[in-house]
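Encoded as structure tokens, the structure appears first; notes follow it.
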Amino acid sequence: MLAHQVARECYDAIRESTLTALRRDLLRRACDYARIRAEWPLLSREERLARDQRRTLAHNAFIDSVNIMGRNMAKEDEDNSWRESLGDDRKLIGDLACYVHLFLGLEAR
């Protein structure tokens, strides 16, 4: 499981980026995937089978947005050390999506 502190550091770095369109895309894709993942334990086996491809596509789209954001932050000489801290483990990147969803929800209070 991704540590809260690592997730917070990643999130803060992403939020500070001047790459507005890429940031918005990453945040939206995080929310898309996190909603699917949060609902997953509530689904029946049949429902999971029916939605599995959608879940994988949403996860892949989020991972792509993370990679794109990290690369473009480096090109703009922004601090992208969060990307290395996050690593390449799919589950940990998925955890980040859930944290992003949490942080955005709390900020919206």
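Rule-based calculations on the coordinates, nothing more; no lab input. Worth saying up front: this structure is predicted, and the values here are computed from it rather than measured. Quick reminder, even Gly has a Cβ in these numbers, built from the backbone with ideal geometry, and neighbours come from all protein chains shown.
Across region 44-76, the number of residues qualifying as of a type in the set (A, V, I, L, M, F, W, C) and exposed (fewer than 14 other Cβ atoms within 10 Å of the Cβ) comes to 4. Applying the condition of being surrounded by 15 or more Cβ atoms within 10 Å (Cβ to Cβ) and charged (D, E, K, R) to region 30-43 and asking which residue is farthest from G94 (Cα to Cα) yields D32. Here I36 clears all of (1) more than 13 Å from the chain's Cα centre (by Cα); (2) more than 23 Å from W82 (Cα to Cα) except the condition numbered (1).
Counting residues in region 39-48 that are in contact (Cβ under 8 Å) with a residue 24 or more places away in the chain and either within 13 Å of L104 (Cβ to Cβ) or in a helix (DSSP H, G or I) (or both) gives zero.
Within the option set D77, D52, being without any contact (Cβ under 8 Å) to a residue 24 or more places away in the chain, out of contact with any Lys or Arg (no Cβ under 9 Å at 6 or more places or on another chain) and not in a loop (DSSP other than H, G, I, E, B) holds for one residue only, D52.
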